[in-house]
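The values are calculated or read from the model by the stated rules, or taken from the named source; none is laboratory data. The shown structure was predicted, so the numbers you read here are calculated from the model rather than taken from an experiment. Every residue, glycine as well, gets a Cβ built from its backbone with ideal geometry; the counts of neighbours run over all protein chains shown. Only protein heavy atoms, including side chains, enter the accessible area calculation; ligands, DNA and RNA are left aside. Shrake-Rupley method; radii C 1.70, N 1.55, O 1.52, S 1.80 Å.
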Amino acid sequence: MTKNYTALAAEILSHVGGKENISFVTHCVTRLRFTVKDKNQVQAEAIDKLPSVFGSKWSNNQYQVIIGNEVNDVYEAICEAGDLKRQEGIEENLDRDLPKEKRGLKDLLGTFMETLSSIFAPFIPAIVACGLLQGILYSIQTLGLIDPASETYTFFFTCSQAAFYFLPVLVAFSAGKRFKCNPYLAATTAAIIMHPTFSGMAGTSVKLFGFLPITYAGYASTVIPAILIVYFQSYVERACKRVVPKMIDIIVTPLVSVMLSAVVGWMVLAPIGNWIGTFVAQGILWLYTSLGPVGGALCGALYPFMLMTGMQVAMSPITVQNLATLGYDFIYPCTAASNAAMAVCALFIFWKAKKEETKSLGLSTGVTALIGVTEPVMFGLIMKYKKALWATVIGGAAGGAIMGAFTVQYLSFGFVPFGTIVLAMTETFPWYMLGVGVSMVVTWIAMSLLKFEE
């Protein structure tokens with residue numbers, strides 16, 4: 001047990017009234033869950049200010065402290081420090097022993113966002129590394145500092161694609177931990193779904209055993225298919241463990257859970273996930289082309305929700321079509337407005353936050369968002385603080401309205417707003433800068449009016 005976890009555990013124990021005030025303590029995937037004898041002894045404000053604590057809440061007379069991915073280590077430290085009986089971890093939001101509260105749309109949205117955040121947060125560094133490398137390459141290539149046909153450029157560009165191309169595997173591994181199934185088996189199933197042999201047969205339909213229909217497709221860089229498949233696989237794995245004798249569990253369970261999930265994934269879940277992304281992308285396109293500034297505002301406002309679900313990948317075919325037929329794309333400028341809003345939210349949080357780790361996260365993710373890499377700020381801050389999400393929506397809508405009103409152009413795939421700004425240097429460049437600037441100013445004002453607090 002590390003010294004940091006031990007110190008944190010001692011602080012938490014002290015602020016919940018000491019071990020004498022604890023009747024029962026367990027944990028789920030992201031939270032410590034205390035049943036206490038006297039609620040008045042719990043010092044929630046003090047706990048919320050502790051490093052590595054992302055907040056706390058009362059639910060069903062249970063005090064929950066949100067820790068995140070390190071919850072297992074903190075729980076072990078608390079049990080050791082307080083000489084408390086260790087309990088098996090429970091599934092998030094599936095506390096069958098507790099009376100259920102009526103859950104509204106707000107609660108479901110919060111759970112949905114928390115689930116996505118817990119899945120994406122662990123591999124943000126991989127996305128940051130590849131995203132920054134892409135931004136650097138695009139910029140120096142556009143400025144003529146490197147030949148895009150050179151071996152050096154090809155090597156580093158291929159490296160920069162790795163985290164995005166194999167995104168389903170990263171998502172599946174993390175989702176396996178989130179849904180409490182074997183993450184290595186989850187990653188294996190995702191690897192099957194995106195295997196190059198199957199991708200090369202995209203569009204081909206076959207029938208397994210002569211009657212199970214499968215249509216192959218390319219699922220590289222997608223998100224929703226992997227999440228749906230691993231969620232299904234978690235239930236298959238648990239079902240196997242209940243019925244398969246332990247003597248042969250290590251042989252039977254992996255085989256059944258991976259193969260059944262792969263078949264159901266190819267038949268149903270992956271196509272559904274892909275359809276969801278395409279449906280949203282086509283809807284965004286219709287809004288933009290039909291409603292002008294209103295469509296641009298909606299594109300800018302809705303982009304954060306597309307990003308948090310990975311649906312922005314479905315916009316790529318539209319961008320390709322625009323570039324092929326028009327010579328420019330009009331979706332990227334709306335994305336630029338939204339990215340600028342996210343960056344300002346992060347920088348505002350850096351300015352207002354009191355915790356050093358929050359300030360550091362705000363500054364680093366704010367800078368990377370300005371370059372055009374927004375997954376870190378989305379899953380590290382925007383999804384954590386709802387006021388930041390609404391400020392992003394408002395700022396993105398304001399900037400997107402300007403982009404839509406003047407049909408602002410962007411010349412290729414790149415990193416917006418500023419990572420590959422040379423690609424925006426067309427006759428509409430002044431409107432591009434105005435849209436980005438308005439988005440940033442409006443977002444800062446929104447964060448102030450919403451009275452953001454850490």
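Structure summary
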{"quantity": "Of residues in region 186-198 being aliphatic (A, V, I, L, M) and without any contact (Cβ under 8 Å) to a residue 24 or more places away in the chain, the one surrounded by the fewest Cβ atoms within 10 Å (Cβ to Cβ)", "calculated": "Ala191"}
{"quantity": "Region 384-413: number of residues that are under 16 Å from Leu323 (Cα atoms) and open to solvent by less than 10 Å² (accessible area, probe 1.4 Å)", "calculated": "2"}
{"quantity": "Selected residue (criterion: modelled with the lowest pLDDT) from residues of region 147-179 that are part of a loop (DSSP other than H, G, I, E, B) and surrounded by fewer than 17 Cβ atoms within 10 Å (Cβ to Cβ)", "calculated": "Pro148"}
{"quantity": "Residue satisfying condition, being in contact with a helix residue (DSSP H, G or I) (Cβ under 8 Å, 6 or more places away or on another chain), closer than 16 Å to Val441 by Cβ and modelled with pLDDT under 95, within set Gly395, Gly414, Gly366", "calculated": "Gly366"}
{"quantity": "Residue in region 131-146 that is surrounded by the most Cβ atoms within 10 Å (Cβ to Cβ), counting only those that are part of a helix (DSSP H, G or I) and more than 22 Å from the chain's Cα centre (by Cα)", "calculated": "Tyr138"}
{"quantity": "Test result for Val42, closer than 27 Å to Thr115 by Cα, modelled with pLDDT of 80 or more and open to solvent by less than 40 Å² (accessible area, probe 1.4 Å)", "calculated": "yes"}
{"quantity": "Residue that is part of a loop (DSSP other than H, G, I, E, B), closer than 28 Å to Ser118 by Cα, outside the structural domain of Phe123 (by the TED database) and aliphatic (A, V, I, L, M), where the choices are Val416, Val377", "calculated": "Val416"}
{"quantity": "Unique match (being aliphatic (A, V, I, L, M), on the phi < 0 side of the Ramachandran plot and outside the structural domain of Tyr385 (by the TED database)) among Leu255, Leu307, Leu302, Leu298", "calculated": "Leu255"}
{"quantity": "Verdict on Phe452 being part of a loop (DSSP other than H, G, I, E, B), open to solvent by less than 50 Å² (accessible area, probe 1.4 Å) and touching a Lys or Arg at 6+ places or on another chain (Cβ under 7 Å)", "calculated": "yes"}
{"quantity": "Residue match in region 429-446 (condition: modelled with pLDDT under 90 and either over 18 Å from the mean Cα position of the chain (by Cα) or among the charged types (D, E, K, R) (or both))", "calculated": "no"}
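Matching residues to (1) within 30 Å of Thr253 (Cα to Cα); (2) touching an Asp or Glu at 6+ places or on another chain (Cβ under 9 Å):
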site: Thr142; (1), (2): no, no
site: Asp147; (1), (2): no, no
site: Phe156; (1), (2): no, no
site: Cys159; (1), (2): no, no
site: Val171; (1), (2): yes, no
site: Arg178; (1), (2): yes, yes
site: Asn182; (1), (2): yes, yes
site: Gly200; (1), (2): yes, no
site: Val206; (1), (2): yes, no
